[in-house]
Structure formats: structure tokens, C-alpha cells
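First comes the structure, then the notes that go with it.
Any read-out appearing in this document is the output of simple, stated calculations on the displayed coordinates, not a laboratory observation. Worth saying up front: this structure is predicted, and the values here are computed from it rather than measured. Here Cβ is always computed from backbone atoms with ideal geometry, including for glycine, and neighbour counts include all displayed protein chains.
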Amino acid sequence: MRHFIVSVAAALVGLLSPASLTAQEAGADPTPRAASRDRLDKALARTAAMQNTAFEAKWGPAGKAKKADPFQAMLSAQASGKANGSWHPKVRTCAFGGKEGDEFITTGRRTIAKSANHDWRIRAGRFADGNAVKFAPDIELLLELLDGWQLAVTHSEVGSLDDRPVEIVSITLNEDQVAEAVWSGALPQSLVAGGFGGNVFRLAMGIGAGGGGGRQAAKKPQATVDLAITIDPAAAIVHQVHCRAYLDNEQGGMAGRVVVVGGAAGFAGEEEEEEEEEEEEEADEGAPLTYEKGLPKRPRKKKSVNDFVVTLREHGRTKAPELTPEQKKLLKL
């Protein structure tokens, strides 16, 4: 088994050698990038068509905290979350992290929800206790969208996942793709809108309606969204999708950069900002982007930086839940 892994890794290294990537990014030789895009397309198509697959998802501000700030911690908690679940031919499940114990089961057009203190209830966009759901992961939808788009591959590299060699393909979404992913519910709104943005104030003041009482079209999110998609080229499956969004604070991001470490929120204060400024001053603005685990390292000064990470497991092998008589009655099964 070890020899097989080494052989596969060696093959990937050959395809994604530094020399090839340098030429690729310089535009001298599009073949390595085209080959990565082809492998990515196959993995997305196969995984998007799969059923009986489990997922883990987490989202929230990215980075490492050095100083605590109660207000920023509150904003971070509101923009953060985690969940796990699975999708199957006739049912989709989602269990959220946290002491509330929130769970969803969806079949067709109907969703039921429960929590630690509430039995199963019919709900639409709400938890069992009646609170509105800001975001519920729909990984099947996300994969379908990515599979249907012409994705701009910017970089690829060799990596490892659970001691398996993998390829990490880097993508930068265009403005239309970002808007569609967020507005369809495939990506969380908080990914591209940190803190209190201008739209919130316009809604609060009743501004935005036309003279005839009409409604203006929503403004597309003004955020740079990078994706690092981890694939197994041999099996043609997706293992992980890591989204990272950069939003100018002037565009509605948080006044400072909120970060989460191990579920605890904090505020990246002056000390960290000073360190970042030093790093940016040392970097050559004309130099190409460098990548870390498939994500480009972009300047973070005066930016809100948010992550959404999805890890897929048991591709095609996850068993659908056995529904109770109560659940079947509520779901009209």
C-alpha cells in the first residue's frame, strides 16, 4: 500500500512540478492548468452525481486571534457555524453544532426540525424553536453549481489527506458566480458580508424602493472569493471544498478583522495588524500570488476574511436514516 501511495504521489508531482506551475502561471504553457481543470471537471461531475454521501461543514471568520473584544466576539458568533449531515435520493439530513441540538430532515418540499428542547415540527427556514435559520448547508447544490460552471483554474499543487495523495486545485469565482452561489443558498451570506453593511442601513431606513413602490435589484456581493478544491484524481472524487472570501471593510465588512480559534472568537487587534503591515511592506506588489494549501495569500489589511469549509466522507456509502413513524407522518411519507 505504501508503494502505491508513493507511486501516485510521484505521478502527481510530475504533473504538478514547480517548473510546470511557474510556466503555467506565467502563461507560457497552459497544458498543466488545462490538465488540472480536466481532472477537476471529472471529479466535480462524478461527486455531484453521487448520492449517499456525508459531509462536515464549518463557516466563520478566518485567522488567529490575539486579543479579545466582546463586540467583535458577538459579531463573529453570529457569522459562524458548523454542521454535519448527508444527502440521499429521497432525503437530506443536517445536524448543527451547539448546545441547542438543532437538526433538520428534508424530503422534497418539506422540512422537519427538532432541537434539544423541542420535538420534531414542520418548519420552513426556521429551527424547531421558531428562530430563523441564517444558513443551512446544501452541499449537493454547491457541487451541482460548481459542476455546471466554467471555472477559472489559477493554480494546482500536490497535497495529502488522511495519508492519501491528493491534488488541490485553486479557483477564483467571478462576480456572477459569487452572487449565484450566495443567493441560491449554496454559500452562506455571511461569507461575503461581514458586520453591518450598507444594505442593512438602507433596509432599516426604508431606502431602496423606487418611486412607483417597486424594488431595486440587489447589488451583487463585492468580494473576492477563492476556492481550494481537494480531489482524488485516481478515483475522480472531491474530498474538500475550502472557500475564502475577502471583503473590504468599507464595503460593509467589520470594523476590524474578527477571527475564530477552536470555537472561541476574538479580535485581531493592533499587534496583529502591525505584523501584517510589515509583511505587506516586504512583499513585492508586482510579484505573483503565493499559495498555501491551495489558497492564495492575499493582503488582509482593512479586510474581512471569512471561510467556508466542506469535507466529504463515505462517498456513495452513507446509509440513509431510518425514519420513525412520527417523522414519516410529518413528512407525508
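I need T107, T324 ordered by Cβ neighbour count within 10 Å, fewest first.
T324, T107
Taking a ≥ b ≥ c as the square roots of the eigenvalues of the Cα gyration tensor of segment 78-141, is the shape rounded (a/c under 1.5), prolate (a/b larger than b/c) or oblate? Before the final figure, lay out each step's value.
Working: a/c = 1.64, a/b = 1.20, b/c = 1.37.
Here segment 78-141 falls in the oblate category.
Please report S170, S115 as a ranked list, fewest other C-beta atoms within 10 angstrom at the top and most at the bottom.
The fewest-first ordering by Cβ neighbours comes to S115, S170.
How large is ³J(HN,Hα), in whole Hz, for each residue of segment 152-164 in order, when computed from phi with the Karplus curve 6.51 cos²θ - 1.76 cosθ + 1.60 and θ = phi - 60°, using x for Gly and Pro?
Result, rounded to whole Hz: 8, 6, 10, 5, 8, 8, 8, x, 9, 9, 6, 6, 10.
Could you derive backbone 3J(HN,Hα) for segment 51-56 from the dihedral phi with the Karplus parameters 6.51, -1.76 and 1.60 (θ = phi - 60°), listing whole Hz in sequence and x where the residue is Gly or Pro?
So the Karplus estimates, Gly and Pro as x, are 10, 6, 10, 9, 9, 10 Hz.
In the structure shown, do any of K99/K329; K82/K114; K99/K293; K90/K319; K90/K114 have a Cα-Cα gap over 21 Å, and if so which? Display every interim value, and only then the final one.
Working: K99/K329 27 Å; K82/K114 17 Å; K99/K293 32 Å; K90/K319 12 Å; K90/K114 19 Å.
In this structure, K99/K329; K99/K293 lie more than 21 Å apart at Cα.
How are the C-alpha pair distances of segment 134-187 spread across 5 Å bins, as whole percents from the shortest bin up?
Distribution as computed: 4, 17, 21, 20, 19, 14, 5, 0 percent.
For segment 132-143, just list the computed ³J(HN,Hα) in residue order, Karplus coefficients 6.51, -1.76 and 1.60, θ = phi - 60°, integers in Hz, with x standing in for Gly and Pro.
Values, residue by residue: 5, 8, 6, 7, 10, x, 10, 5, 4, 5, 4, 5 Hz.
Taking the Cα-to-Cβ direction at L289 and at L161 and moving 7 Å from each Cα, how far apart do the two end points lie in nm?
Between L289 and L161, the simple spin-label model gives 2.0 nm.
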